[in-house]
1. Could you check the range 151-167 and list, in sequence order, the residues that are outside any helix (DSSP H, G or I), charged (D, E, K, R) and open to solvent by 10 Å² or more (accessible area, probe 1.4 Å)?
2. Could you list all residues from the range 323-334 that are over 22 Å from MET211 (Cα atoms) and either open to solvent by 40 Å² or more (accessible area, probe 1.4 Å) or touching a helix residue (DSSP H, G or I) at 6+ places or on another chain (Cβ under 6 Å) (or both)?
3. Please determine, by comparing only the residues of the range 340-359 that are of a type outside the set (Asp, Glu) and over 19 Å from GLN323 (Cβ atoms), which one is nearest to the chain's Cα centre (by Cα).
4. Looking at the range 341-397 only, could you name the residues that are surrounded by fewer than 21 Cβ atoms within 10 Å (Cβ to Cβ), assigned to a helix (DSSP H, G or I) and in contact with a helix residue (DSSP H, G or I) (Cβ under 6 Å, 6 or more places away or on another chain)?
5. For the range 214-255, how many residues are open to solvent by 80 Å² or more (accessible area, probe 1.4 Å), over 22 Å from LEU104 (Cβ atoms) and β-branched (Val, Ile, Thr)?
6. What are the residues in the range 1-40 that are without any contact (Cβ under 8 Å) to a residue 40 or more places away in the chain, within 24 Å of VAL175 (Cβ to Cβ), not in a strand (DSSP E or B) and not polar (S, T, N, Q), if any?
7. Which of (1) surrounded by 13 or more Cβ atoms within 10 Å (Cβ to Cβ); (2) closer than 19 Å to CYS216 by Cα; (3) small (Gly, Ala, Ser) is the odd one out, the single condition ALA86 does not satisfy?
8. Test ASP186 against the stated conditions and say whether it is under 17 Å from the mean Cα position of the chain (by Cα), charged (D, E, K, R) and over 20 Å from GLN103 (Cβ atoms).
Amino acid sequence: MLKVNEELCIGCGVCAAQCPFSAIEIVNGCAVIGDSCTLCGACVESCDVAALSMEGTEKSVQVDLASWAGVWVFSEFRQGTLASVALELLGAGRRLADRRGVQLSAVLIGHETGDAAKTLIAHGADTVFRFDHEKLLHFSEDIYASILTDLVREHRPEIVLAGATAIGRSFIPGVATTLNAGLTADCTALDIRDEDGALMQTRPAFGGNIMATIVCPSSRPQMATVRPRVMKSLEFDDARVGQIVDVEPTPALLQSRIRVLEEVMAKGSNVNIQEADILVSGGRGLENPKGFELLKKLADTLGANISASRAVVDAGWIPYPHQVGQTGKTVAPKLYIACGISGAVQHVAGMQSSETIVAINRDSHATIFDVADFGIVGDLYEVIPKLINKIEEYRRS
């Protein structure tokens, strides 16, 4: 239990400010603990005069953990559409929820969301908490954080997942901080530990050289952001039945210190290599930026998009939106053609989920061949023109 030493307490209010559940009040110059206390320990850590202490917490924390149940997915909705990662996370969330024997819920925040909630149910959600308000037309970091934090406090899910997108990365850490919850960023795998039901969150570490699995055994909710295109969405099932709960955000939740004047699509933002079925990717083996002209001819022949390794992006040969890898984008096309790419672990981490990988490299010992389904050893400037000719001949026949 949480105890207050009235002789030491100076009534400064720091503990009340740090409490994520507003369970502490300052009454007559002393801290008073309310019934909503979850024994998270945030107040104890913040008390400079050591007036707060935890006693016999092991048993109490176990009881508290049991009061959190359910798997939630923040379902990103922007510019009138659901982000593909939302559906991917529902696929992963469905598996986790079934392992835990709990409900899978989606949180939808936006304006004029249309049939998005029904789509989420068709892809695996049991319940959709829908916030549809004109003030939610544009993404606002503090409003989204306030809404999700308030909802989590009310319903107490044990797991909260979000995409590791620009939006997810910007506000989910703030939610975790406010809730005093553990958060693992940029995960590539999720699982449940059998002995205690803890969420096992796996992500690359040390530049992708090792995979670290992280657990948060003594705090709830367990939170993770997940890379797009690493999870598989479930098939759309129009027959699935779920509950849509429309929630009207209070005026306090809609207060923001940010005023959005205008949304402008950045140059190159239309380069969506994560949605491409075929990618032709270039690396340092191109030797110069003009090599991408040849790759573009192959891409046009195949109806493909162009992507690249970090080395050529850093060299300024092609813009960052094309970058695949640990510090770029994770892709999973039906066909990935790696041209002049050695196969560094950081790059492989971003494309190894591709259905078919073809590697073209003059170094027969290049590590890219270890993950490739088909390998061609040779000068790409000789191989690719012949490949283009063969494709064109096949189409004419």
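1. Looking only at the range 151-167, we keep the residues that are outside any helix (DSSP H, G or I), and these are 156-165.
If we keep only those that are charged (D, E, K, R) as well, we get 156, 158.
Correct list: ARG156 only.
2. Filtering the range 323-334 down to residues over 22 Å from MET211 (Cα atoms) leaves 333-334.
Correct list: LYS334 only.
3. First pass over the range 340-359, keeping only residues of a type outside the set (Asp, Glu): 340-354, 356-359.
Applying the additional criterion that residues be over 19 Å from GLN323 (Cβ atoms) yields 356, 358.
On the way: THR356: 25, VAL358: 28 Å.
This residue is THR356.
4. ILE388, ILE391
5. 0
6. Passing the criteria: GLY13, VAL14, CYS15, ALA16, ALA17, CYS19, ALA23, GLY34, ASP35, CYS37, LEU39.
7. The failed condition is (2).
8. Numbers: under 17 Å from the mean Cα position of the chain (by Cα): yes; charged (D, E, K, R): yes; over 20 Å from GLN103 (Cβ atoms): yes.
So ASP186 passes the test.
The values are calculated or read from the model by the stated rules, or taken from the named source; none is laboratory data. Keep in mind that what you see is a predicted model, and the values were worked out from it rather than measured. Using ideal geometry, Cβ is built from the backbone for each residue, glycine included, and neighbour counts are taken over all protein chains shown. Just the protein is used for accessible areas: all its heavy atoms, side chains included, with ligands, DNA and RNA removed. Shrake-Rupley method; radii C 1.70, N 1.55, O 1.52, S 1.80 Å.
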